[in-house]
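Peer 1: Dropping a structure here in structure tokens format, bear with me for questions.
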Amino acid sequence: MPIKTKRIYDPPSPEDGVRILVMRFYPHGIKRSAFHEWRKELGTEPDLIRVWKSGAISWDEFARRYEAQISADPKAQATIDELARRARKETLTLLCACEDEAHCHRTLLKTMIERHMKTMRQRR
């Protein structure tokens, strides 16, 4: 099944499947009914967001550091594994507040989960 990404502020649709908030901090003005699960451990570390938004690092460096952050966190790794298994059976939509999908960790996260799914298939 597909893994999708969307802004948390976009209205839900039936095609979203399971809506998973992947932000460390709760977004302003959002009701709990706007998503099904909240996976804080997949959100970006505050210091990393700060240096990216200040322009001190490039998008490529942000992506490298975010992936290193996730790889170093056993809880995040377990969540990636769980979501990869679930994505084989159900549609998942990763949600974040970022307006620019191309420069949002939810897009990086989608790629990580899909890569993990591919690795899982190769092991079988």
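Peer 1: Of all residues in region 32-69, which are under 13 Å from Leu95 (Cβ atoms), of a type in the set (D, E, K, R) and open to solvent by 60 Å² or more (accessible area, probe 1.4 Å)?
Peer 2: Of everything in region 32-69, those that are under 13 Å from Leu95 (Cβ atoms), of a type in the set (D, E, K, R) and open to solvent by 60 Å² or more (accessible area, probe 1.4 Å) turn out to be Arg32, Lys40.
Peer 1: Please work out if Glu101 is among the acidic types (Asp, Glu), modelled with pLDDT under 95 and open to solvent by 60 Å² or more (accessible area, probe 1.4 Å).
Peer 2: yes
Peer 1: Still on this structure, I have one more. Just to be sure I understand the filter: pairs with C-beta atoms under 7 Å, separated by 6 or more residues or on different chains, first member in region 77-102 and touching a residue at least 24 places away in the same chain (Cβ under 8 Å), second member open to solvent by 30 Å² or more (accessible area, probe 1.4 Å) and polar (S, T, N, Q). Which pairs pass?
Peer 2: Pairs found: Glu101/Thr107.
Peer 1: Counting just the residues of region 55-76 that are small (Gly, Ala, Ser) and touching a residue at least 12 places away in the same chain (Cβ under 8 Å), which one comes out farthest from Ser13 (Cα to Cα)?
Peer 2: For region 55-76, the residue satisfying everything is Ala63.
Peer 1: Which of the residues belonging to region 70-80 are under 13 Å from Leu109 (Cβ atoms) and surrounded by fewer than 18 Cβ atoms within 10 Å (Cβ to Cβ)? So that I can check it myself, show each step before the final result.
Peer 2: The initial filter retains those residues of region 70-80 that are under 13 Å from Leu109 (Cβ atoms), namely 70-71, 73, 76-77, 79-80.
Of everything in region 70-80, those that are under 13 Å from Leu109 (Cβ atoms) and surrounded by fewer than 18 Cβ atoms within 10 Å (Cβ to Cβ) turn out to be Ser71, Asp73, Gln77.
Peer 1: Looking at region 99-124 only, could you name the residues that are touching a helix residue (DSSP H, G or I) at 6+ places or on another chain (Cβ under 7 Å) and outside any helix (DSSP H, G or I)? It would help to see each step written out before you state the result.
Peer 2: Filtering region 99-124 down to residues touching a helix residue (DSSP H, G or I) at 6+ places or on another chain (Cβ under 7 Å) leaves 101, 103, 105, 107-109, 112-113, 116-117, 120.
Correct list: empty.
Peer 1: Give just the number: which of (1) in a loop (DSSP other than H, G, I, E, B); (2) free of Cβ contacts under 8 Å to residues at least 24 places away in the same chain; (3) among the hydrophobic types (A, V, I, L, M, F, W, C) does Met23 not satisfy?
Peer 2: (2)
The values are calculated or read from the model by the stated rules, or taken from the named source; none is laboratory data. Keep in mind that what you see is a predicted model, and the values were worked out from it rather than measured. Cβ sites come from the backbone with ideal geometry, for glycine too, and all protein chains shown count toward neighbours. Accessible surface areas use protein heavy atoms only, side chains included; no ligands, DNA or RNA. Shrake-Rupley method; radii C 1.70, N 1.55, O 1.52, S 1.80 Å.
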